[in-house]
Structures are given as structure tokens and as C-alpha cells.
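Take a look at the structure below.
The values are calculated or read from the model by the stated rules, or taken from the named source; none is laboratory data. Treat the numbers as computed from the prediction; the structure is a model and nothing was measured. Cβ: placed from backbone, ideal geometry, glycine included. Neighbour counts: every protein chain shown.
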Amino acid sequence: MLDLQQLHYFVAVAETQSIARASERLHISQSPLSRQVIALEERLGLALFARSGKRLKLTQAGQRFLEECRLLLSASARLESRVREEAAGRAGSVAIGHVESALHAGVLRKALRALRRQSPVTEVQLQAARSAAQFEALRDGRIDIGFTHRAPPASDDALASRRVAREPYLLALPADHALATGRRAGARALDGAPFVFLPRQATPEGRAQMLEACRRAGFTPAIRHEAAEPSTVLELVACGLGLAIVQSGLKRLAPSGVAWAELPRGFALELEVHAVTRRVPGALAERLLAALPAV
């Protein structure tokens, strides 16, 4: 395994083209520095420098190695800084995965406002992804916290979660629709009615759960149109192309021409948002969690 300190020495020698000048920059004596460079060449099994008197010139292999060393040392410095800042909970960056419904449920807004008050210099990176993809990203260290539709499998010892939001679904319908009376819609009136849904590939599990909840409530939607975004779903409803079942948090974003009704009493599905972290979360992820009590 390469020694980062050796790489640091190599970069100094490569940039100054001199053991003497590099030793002055590094504040170490020349002999140990020279030995470290030779040891690195022996470990790699190649010559990094062409030696001509006291002047050292990089070989072609040495030039390529210098470029890679700079990248590696830069990444190492960023990692060390991030770990220190996160450990102190003062700054750094936090990568957040989320399903779109977490935005509309107000979960992210609440958590990020709290984080900004406590750690105003924190860099926030948002990544929209399905629940399963977020679990994988958490395990790989690509995100620090995820907001998902479901908890990770109970058998997954690497992750921890808690439910931080739940809200009912509502029926969105054109304002001039016969069911736009403000009363609860009946299952018989919805059976076979035209609906607008998100595409199956967008949320395959969510769509299956939605259709099963409809079946249990006594009606089967006739899916006439699909739209990739919830906002587009509501636009199609406003145009009179069908009804839609959407989370209640979208009500405030609806265009004119959309009316609302409660779903039949047998419709038992609720939207849930779970906050998921690694079993031992970083300080910034913990601060986000602190703003979101379990529900």
C-alpha cells in the first residue's frame, strides 16, 4: 500500500526538481528525503526521475504518477477536512437522497431550515432517487441520509431508520366534474373512471400498492394517461383528462381548475416518509434527524 507521506515527498521533489529545494520546503534533511524517494521507486518498480547531477527530471512514468498523486492527495485532504468538520458538526457537506414526495410533505424543508440555523456554512447536495437506490447509496457512502417511501429491510444491519412523515392521499378531479361536491367520493362512482397515474417505471412498488388499495376500497381505476411529474398529473386533471390520487401535500401546488374530494372510506393507504441513515450517522445527518421527530 502506498504511503501518503511518501507521495507528499515525491510531489515536492517533482515540483522543485531538486532534493535540496524540496527538503527546504518540507523542513526535513536531504538524506531521509532522498531515501524516501528511492524507496517509493523501488516499491513501484520503476524510475520516477531521470537523474542528471543534482537536477532531477521526471520520466514519462513519473509525470503520469505526479498527476495521479496530486489527485489522490487532494482527495485525501478533502476527506480529512470533511471528517473533522462533520465530527464537530460545524460545517462540511451533507449529501441527501430523497423521493419527490418528501419535498411535498415538507420534510426536507423543515430539516434543512433547522440545519441552516445551526450550521450555516454547510454545503448541501440533494439527489433524487428511489428508495432502493438510496439504501445502496447509504451503504456505499455516497449519501449521508435518505428520505424514502419505506424503511430498509429489517435484516439490513448497516442502516437505521424512523418514520418522519405520514399524510393521506386525496382525490384530485376537474372542477366541473360531477364528483366535485366537496363530499367523500363513493367507490362505485370511481370504478372504471378515467385516471391519470405516474408511469409504472417511475415507482413500480408504489403503483402496485396504490392499485391494491383501490381494489380493497372497491374500485378499479381506468388508467387513461400517464405523466412523469406530479405537477403534470395535476395539469392533466385540470384539463379534464381524468382523476388522480395524489398526496395531500400537493394540494397547495394545484393549478386552477382542480377540485378535491376525500377517497372512499375503504381506501387505507397513506403516504409515508422515512429518514434513513447508516447505523452510526455523521454529525450533520444527526442534526437533520434531530429536527424530525418520529411519527
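None of 70, 35 is among the charged types (D, E, K, R), under 42 Å from the mean Cα position of the chain (by Cα) and not assigned by TED's automatic domain parsing to the domain that holds residue 138 except 70.
Does any residue of region 234-245 turn out to be surrounded by fewer than 17 Cβ atoms within 10 Å (Cβ to Cβ), without any contact (Cβ under 8 Å) to a residue 12 or more places away in the chain and in the same structural domain as residue 192 (by TED's automatic domain parsing)? No, region 234-245 contains no residue that is surrounded by fewer than 17 Cβ atoms within 10 Å (Cβ to Cβ), without any contact (Cβ under 8 Å) to a residue 12 or more places away in the chain and in the same structural domain as residue 192 (by TED's automatic domain parsing).
Is it fair to say residue 83 is β-branched (Val, Ile, Thr), modelled with pLDDT of 90 or more and farther than 30 Å from residue 268 by Cβ? In short, no.
Does residue 284 satisfy the condition of being part of a helix (DSSP H, G or I) and either touching a Phe, Trp or Tyr at 6+ places or on another chain (Cβ under 9 Å) or of a type outside the set (Phe, Trp, Tyr) (or both)? Spelling it out, residue 284 is indeed part of a helix (DSSP H, G or I) and either touching a Phe, Trp or Tyr at 6+ places or on another chain (Cβ under 9 Å) or of a type outside the set (Phe, Trp, Tyr) (or both).
Among the residues examined, residue 143 qualifies as assigned to a loop (DSSP other than H, G, I, E, B) and under 29 Å from residue 80 (Cα atoms). The sole residue among 78, 116 that is closer than 30 Å to residue 21 by Cα and surrounded by fewer than 14 Cβ atoms within 10 Å (Cβ to Cβ) is 78. Residues in region 19-67 that are among the small types (Gly, Ala, Ser) and in a helix (DSSP H, G or I): 8 in all. Anything in region 232-268 that is over 11 Å from residue 169 (Cβ atoms), touching a helix residue (DSSP H, G or I) at 6+ places or on another chain (Cβ under 8 Å) and in a helix (DSSP H, G or I)? List them, or say none. Within region 232-268, 234, 253 qualify. Residues in region 127-154 that are touching a Ser or Thr at 6+ places or on another chain (Cβ under 9 Å) and farther than 24 Å from residue 207 by Cα: 138, 144, 145. Any chance region 171-188 includes a residue that's touching an Asp or Glu at 6+ places or on another chain (Cβ under 9 Å) and part of a strand (DSSP E or B)? Yes, region 171-188 has at least one match.
Within region 246-293, the set of residues being farther than 29 Å from residue 142 by Cα, buried (at least 18 other Cβ atoms within 10 Å of the Cβ) and hydroxyl-bearing (Ser, Thr, Tyr) is empty. Residues in region 172-183: is at least one without any contact (Cβ under 8 Å) to a residue 24 or more places away in the chain, in contact with a Phe, Trp or Tyr (Cβ under 8 Å, 6 or more places away or on another chain) and outside the structural domain of residue 148 (by TED's automatic domain parsing)? There is no residue in region 172-183 that is without any contact (Cβ under 8 Å) to a residue 24 or more places away in the chain, in contact with a Phe, Trp or Tyr (Cβ under 8 Å, 6 or more places away or on another chain) and outside the structural domain of residue 148 (by TED's automatic domain parsing).
With respect to being closer than 21 Å to residue 295 by Cα and touching a residue at least 24 places away in the same chain (Cβ under 8 Å), residue 142 falls outside the description. Flag: residue 271 matches the condition of being touching a helix residue (DSSP H, G or I) at 6+ places or on another chain (Cβ under 8 Å) and either aromatic (Phe, Trp, Tyr) or assigned to a strand (DSSP E or B) (or both).
For the structure I just gave you, tell me whether residue 155 is hydroxyl-bearing (Ser, Thr, Tyr), under 29 Å from residue 294 (Cβ atoms) and without any contact (Cβ under 8 Å) to a residue 12 or more places away in the chain. Yes. Put simply, of 119, 161 the only residue that is in contact with a Pro (Cβ under 7 Å, 6 or more places away or on another chain) and of a type in the set (S, T, N, Q) is 161. Being at pLDDT below 95 and of a type in the set (Val, Ile, Thr) is true for just one of 276, 246, 233, 280. Which residue is that? Just a single option satisfies the conditions, and that option is 280. When the residues of region 152-170 are filtered to those that are outside any strand (DSSP E or B) and acidic (Asp, Glu), the one that is surrounded by the fewest Cβ atoms within 10 Å (Cβ to Cβ) is 157.
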